[in-house]
Every structure is written in structure tokens, then in C-alpha cells.
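Since the structure comes first, as C-alpha cells, the remarks are kept for the end.
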Amino acid sequence: MIKIIKKGSITSPKGFKAGAVYAGLKSPGEDKYDLGIIYSSSPSNWAGVFTKNKIVSPSVTLSKSLPDIIQGVVVNSGSANCCVGDQGMSDARELIDLTKKHLNTDLDFVLCSTGVIGVELPMGLIRENLSKINVSDLGGSDFSKSIITTDTITKEISLEIENEGGKIHISGVAKGSGMIHPNMATMLAFITTDAKSESSYLKKILKDVVDKTFNQIDVDGDTSTNDSVILLANGESGQKIDENSSIHDEFIKGLEMVAEDLSKKIAMDAEGAQHLITARVQGSKNSIEARHIAKEIVSSNLVKTAVYGRDPNWGRIMMAIGNSDSTIIEEKIKIFINDIQIVEEGKAIPFNPTSVIAALTKSEVEILVDLGIGDGHGSAWGSDLTEEYVVFNSAYRT
């Protein structure tokens, strides 16, 4: 049985602690943090899925090289530590070493950085303030604040899986609201669990989970240099999970629930957004093709602007479907907007435009496409495109 833990945080699984401090990496503000740590009391196996952008932050490069067993994660916001030459790798190594020294461990920490590209890590400020971070069971909320940049809300979820062997906990926290088009925006996500699993298993399942969730969101079509999804499993529940475990399927379901919830929260919090757009595709040749089509729909600027303008222009949805390399038969396509059917057999059917416009005024808009050729299904999540997004990003540095 899976249940949501109310007011849970990244420290809800046994043995995980967190903390944060304001070090001056971002502009000051009330209740603001910019340097955070997730710490596991026990050595933790881990897995990561990282950006496929060819311009990569040294923070990502160094983290990808770490061994399978680590102590936790250290994150800075305010600087992406990218496109700063050799200094970027030197600073990344020093930041990990400072964290190890502060928490008195020989095990490494995954390093994630987010913020402005082309800005070096302010190591003087980091050296001065990192030791002020107090990791504790109650530090999850502060950590969630330390990783955000242009986000307007923190994004957290925790759940519990109860089974015959006891209880397993999974928690997640994420940041992201712009430069979002993951291909594995400035998107970071961290998932902790007290399940006992080998890194080889975590790497395999995390890739599949990310493909179905984080890789299915779009805000603006831009993949960041720092995209990272990190999964840590410290084994403190005592329950071993692998492909042969009796609760393997339920564990995967729990991970997908956490990842999907965080993905939708990122899309809902998109810069300037007024709508969350959910695209659901069914009846496709297979689920991979369904996900491709769904992401084409939420990634289309013309679909985004139509939703923003409350314009029931279904032709833009058809265009987006056709942009995919997936198998389609035009004469079998059906389209629904918030349960109102507007297309049958690939062409318009009579519908009340006023009803569809009213449906598009809701903060959440669902576009359902039925291809009618198979059993595949998949979803994607995105945001509308507004004047506020353009204004915000035209003056991001000024």
C-alpha cells in the first residue's frame, strides 16, 4: 500500500538529514538560502541521470565520475559553474572536499550547481559559510529553498510503501521553472529512499522513471547545461529491493509517483505560466511513440500560445502530432480538450466553441489524443507561453 506523507520532506526516509545556509550566492531576501546539503547517516548507493547538452557544467562532469557509494549531495544555487574554464573543475573538487571535511567523512558528495551560466563559484563565500550548515531531520524545508532560482514555490513530495516486511519511504525535491526541456532545465531533482538497493539496479530503474516523467516536461524547449536527477538509497529500512523482490513493482510505482508529481510541479511553476498543459496520448503503436507525440504537443509554441489565448485551434495539435516520427493514420485520430471532443476521424466535428473556450480558462488543460491504432499510451506536461515569460527572460541579467 502506498500513501502520501503529509508535510514530508527529503529527510522523511530513515537516516537522511539535510540543511542549508544563505551564503550570499544569490541576492538577499527573507527566508532565503543558496547552499544546501543532503546527508545520509549510512553510506548510500546512488544513481544519476544527467543533461545531454554538449555544454556541460564541471559540477556534472565531476559528479558522473564518483563511485557507487557516497555520503550525500551538496548543491549551490546562483551559479551554474559552467563555461568558466579550468576554474570550474577546480572549484567543484574543492566544494566537495569542503563538504567532506565539514561532515567528517571520507565518502564523496554529488555536486549540483544551478544559476547563471558563465559565473564562477564564489569560493570565498562558500569557504566562509559551508561550515555553518547544520544537517538535521528537520532540515528538508530549508534545503528545498536553497536549490531554487526563479521558482516561485518549493517542490516536495514524500510517500510510504507498507508491505509484509515493514515500511519503505521515498521522498523527492526539485527545482526548475525555466530552461526546461530535459533530455536525459535548469532542472535539478533529488530522490531519497531508505530501501536497500545496489547502484546497478538504481541506475537501470532511474533511467526508465526519468524517461516517463522528467523527460516528458517542457517549458521553453531549452535543455540546461546542468540538468540532473539524483537517486540515493541508504538501506536503513532493512528491506532489499531488486528485480526479484516481491515489492519491486510497487517500489517502481512509488518512484514514478514521486517523479511525476515533481515533474508536474515544475511545469505548473513555469516562468510566467497561467496554465498547466497535460497531453495524454493513447491508442498508439507503442508507449514510446505515445510519449514522443505527447511531448511534441506540450513543446509546441503554437499549442502553448493557443492555450494561453483560450483559442480552440485544434489544427495546431494536429500539426504537433505530425511533427513526431511516430506512426499515425490521420483518418483515425480523435482529439479532446478537457473531455470535450473536437476531432473525429482526423477532422473537426461540431462543437460549441464557447464551451471549449470556457474549458481553456481553467488552470489545468488536458489534451487527449486517441490514435486508434494500438495499445500504447503516454503523457507529457508543459506550460503555456505568455508575455510575462518573454519580459522576464529578456531582462534575466539586467
Return yes or no: is Leu206 modelled with pLDDT of 95 or more, assigned by TED's automatic domain parsing to the domain that holds Val60, touching a Gly at 6+ places or on another chain (Cβ under 8 Å) and among the hydrophobic types (A, V, I, L, M, F, W, C)? yes
Just checking, how many residues over region 1-19 are assigned to a strand (DSSP E or B) and buried (at least 22 other Cβ atoms within 10 Å of the Cβ)? 3
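Among the candidates Ser284, Ser326, Ser263, which residue alone is among the hydroxyl-bearing types (Ser, Thr, Tyr), farther than 17 Å from Gly382 by Cβ and crowded, with 24+ Cβ neighbours inside 10 Å?
Ser284
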Mind listing whichever residues of region 63-108 are more than 20 Å from the chain's Cα centre (by Cα), in a helix (DSSP H, G or I) and closer than 17 Å to Leu232 by Cβ? Ile96, Thr99, Lys100
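If you go through region 53-62, how many residues are outside any loop (DSSP other than H, G, I, E, B) and either of a type outside the set (Val, Ile, Thr) or not assigned by TED's automatic domain parsing to the domain that holds Ser40 (or both)? Please lay out each step first, then the result.
Restricting attention to region 53-62, the residues satisfying the condition of being outside any loop (DSSP other than H, G, I, E, B) are 58-62.
Still in the list and also either of a type outside the set (Val, Ile, Thr) or not assigned by TED's automatic domain parsing to the domain that holds Ser40 (or both): 58-59, 62.
So the count comes out to 3.
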Is it true that Asp97 is assigned by TED's automatic domain parsing to the domain that holds Gly176, at pLDDT below 95 and acidic (Asp, Glu)? no
Working carefully through the options Ser131, Ser141, Ser200, find the one that is surrounded by fewer than 24 Cβ atoms within 10 Å (Cβ to Cβ), modelled with pLDDT of 90 or more and touching a helix residue (DSSP H, G or I) at 6+ places or on another chain (Cβ under 6 Å). Ser131
Only one of Ser57, Ser27 is under 21 Å from the mean Cα position of the chain (by Cα) and modelled with pLDDT under 95. Can you tell me which? Ser57
Tell me, please, whether a residue that is assigned to a helix (DSSP H, G or I), closer than 14 Å to Thr213 by Cα and under 23 Å from the mean Cα position of the chain (by Cα) can be found in region 295-311. yes
Is it fair to say Cys112 is more than 18 Å from Ser41 (Cα to Cα), out of contact with any Leu (no Cβ under 6 Å at 6 or more places or on another chain) and of a type outside the set (Asp, Glu)? no
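The values are calculated or read from the model by the stated rules, or taken from the named source; none is laboratory data. Nothing here was measured: the structure is a model prediction, and the numbers come from that model. Because the Cβ atoms are built from the backbone with ideal geometry, glycine has one as well, and the counts that use them run over all protein chains shown.
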